[in-house]
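> First the structure, which I've put down as structure tokens, then a few questions once you've had a look.
The values are calculated or read from the model by the stated rules, or taken from the named source; none is laboratory data. Being a predicted model, the structure only gives us computed values, none of them experimental. Reconstructed Cβ throughout: ideal geometry from the backbone, glycine too, with neighbour counts over all protein chains shown.
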Amino acid sequence: MKQVYLETFGCQMNVADTDRMELLLFQSGYLRTPHVEDADLVLVNTCSIREKAEQKVYSLFGGLKPLKQDNPDLILGVAGCLAQQEQSALMNRMPYLDFIIGPDAVEHIQQVVDRVNRGEGPVLWTEFDSQKNYSIPEQPLIKDPGPSAFVNIIKGCDKFCSFCVVPYTRGREKSREAEEIYAEIRQLVDRGAKEIILLGQNVNAYGKRGLEQPLAFHELLYGIAGIPGVERLRFVTSHPMDFTGELIQAYRDIDILMNHLHLPVQCGSNRILQMMRRSHTVEWYLDLIAQLKSEVPDITLSTDIIVGFPGETAAEFEDTLRLMEQVGYTSSYMFTYSPRPNTSALAMPDDIPYEAKQDRLQQTLQLQNRLTEENSRAYLGEEVEVLIESRTSRQGMSFKGRNPHHWMVVFRGGEDRLKPGDLARVRVEEVSGHVLRGSWAGQ
């Protein structure tokens, strides 16, 4: 068989899209290799959510160019959001590319590579599909998914936040039919998956339109909970404005729905939230958190934070720190604002100096580190349930996995009794950052 080297940047949906392209390319005679120098095809799935992600892609291809020069038959391709957004710039900057495809062309990767092999390159395929819903036809799996598996249920976003490129790179929201999702989950469970993680740029907007069999997101969760063999259920990423009372009730009612939620807030200033087009206030967000905690007291929360948005004052930045402290996030994804193509914020003056952005980012990181440490102390001396993901190379430890609240757990013991996919009781003996360390508690 020929060999394909796959590299992925960005979100979990990109990881899922890469796995899908690996499956489809296998049917065309390509086997994945971890060694780029052995590849007949190199495919890089890209991200454009921030400028840093773009620079990583250009840096990678700078190292791939000599391989193409030494072997003109090597096929080089770019997929994903950067490909969708910057196809012309990519081709101008890297004329040695053989194809560029957007996220909606994932299902057509075999046709694209076939066209290149027929000498029809470079191939550009960045049109959005015209179907009203989203479909991922079932295919035989070529490898076991592991204990935890991603399942795409919706793509695109209709929110048009002023800083975000997703509506321009992933298109408008489109949901998959529930029966197709259920079938994929059954297939994954049959091959060993224990935890299902539902994915979407705005995952809890699932089912708003376009489905032949209409179904709300919370109803989908109840349906998945009824599939035998699913032991844990998670989803990411949610928008606060689509977080309904019925979804809060689902957290209370569905035992396998893990008590952790990633709910991006972005900042703690109402004026900046309005400029970001987030459609909610700080007070509304905090009230939603209060409602959720009243029904699910032990739920843990993580979020996204952007500092240095155009016009953000020092006082408004302090508002963000206060919000983080008030909610008590266990973790956060924190970034400095960077202007993105096509977004409405691009027209706003990027008037926060680089040094000020970096200082605010460091303050945010320091606060989150403290919040994480404070949250982690609650686990010391306690037993937690861990879904074992794999063995670990950490010195003195045997396995790694996650507890229901999404903390990474590494532990010793059980080498002759446990395996990936097992649920194990672990006594927590020390904490470090977002990692709990301990020992197997036995039966």
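> List, please: which pairs have Cβ atoms under 6 Å, are six or more places apart or on different chains, and start with a residue in region 396-422 that is buried (at least 17 other Cβ atoms within 10 Å of the Cβ) and end with one that is among the basic types (K, R) and not in a strand (DSSP E or B)?
Once the first residue is buried (at least 17 other Cβ atoms within 10 Å of the Cβ) and sits in region 396-422, its partners that are among the basic types (K, R) and not in a strand (DSSP E or B) give V410/R394; G421/K194.
> What are the residues in region 236-250 that are part of a helix (DSSP H, G or I) and either of a type in the set (D, E, K, R) or surrounded by 17 or more Cβ atoms within 10 Å (Cβ to Cβ) (or both), if any?
P240, D242, E246, L247, I248, A250
> Considering region 251-282 alone, what residues qualify as being in a helix (DSSP H, G or I) and either in contact (Cβ under 8 Å) with a residue 40 or more places away in the chain or not hydrophobic (A, V, I, L, M, F, W, C) (or both)?
Once the filter is applied, which keeps residues that are in a helix (DSSP H, G or I) and either in contact (Cβ under 8 Å) with a residue 40 or more places away in the chain or not hydrophobic (A, V, I, L, M, F, W, C) (or both), region 251-282 yields Y251, R252, D253, N270, R271, I272, Q274, M275, V282.
> Give the residues of region 4-42 that are part of a helix (DSSP H, G or I) and more than 25 Å from the chain's Cα centre (by Cα), sorted by residue number.
E37, D38
This table checks each residue for (1) of a type in the set (S, T, Y); (2) surrounded by 13 or more Cβ atoms within 10 Å (Cβ to Cβ); (3) without any contact (Cβ under 8 Å) to a residue 24 or more places away in the chain.
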| site | (1), (2), (3) |
| --- | --- |
| Y333 | yes, yes, no |
| T343 | yes, yes, no |
| P353 | no, no, yes |
| K357 | no, yes, no |
| Q362 | no, no, yes |
| R370 | no, no, yes |
| Y379 | yes, yes, no |
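> When you check T364 against the structure, is it out of contact with any His (no Cβ under 7 Å at 6 or more places or on another chain), more than 16 Å from T300 (Cβ to Cβ), in the same structural domain as S432 (by TED's automatic domain parsing) and not small (G, A, S), yes or no?
no
> Determine whether region 207-220 contains at least one residue that is within 21 Å of A16 (Cα to Cα), part of a helix (DSSP H, G or I) and more than 17 Å from the chain's Cα centre (by Cα).
Yes, some residue in region 207-220 is within 21 Å of A16 (Cα to Cα), part of a helix (DSSP H, G or I) and more than 17 Å from the chain's Cα centre (by Cα).
> Can I ask one more? Out of everything in region 290-333 that is part of a loop (DSSP other than H, G, I, E, B) and hydrophobic (A, V, I, L, M, F, W, C), what residue ends up being farthest from N403 (Cα to Cα)?
Checking each candidate, the answer is F309.
> Continuing with the same structure: Restricting to region 25-51, what's the tally of residues that are of a type in the set (A, V, I, L, M, F, W, C), crowded, with 20+ Cβ neighbours inside 10 Å and more than 17 Å from I100 (Cα to Cα)?
Residues that pass the stated criteria total 2.
> Taking the condition of being free of Cβ contacts under 8 Å to residues at least 40 places away in the same chain and surrounded by 17 or more Cβ atoms within 10 Å (Cβ to Cβ), how many residues in region 223-233 meet it?
Going through region 223-233 one residue at a time, the tally reaches 1.
> Shifting gears a bit: Within region 173-206, count every residue that is out of contact with any Ser or Thr (no Cβ under 9 Å at 6 or more places or on another chain), part of a loop (DSSP other than H, G, I, E, B) and in contact (Cβ under 8 Å) with a residue 40 or more places away in the chain.
2
> Any idea which residue in region 226-249 is nearest to the chain's Cα centre (by Cα), counting only those that are under 27 Å from N14 (Cβ atoms) and among the aliphatic types (A, V, I, L, M)?
V236
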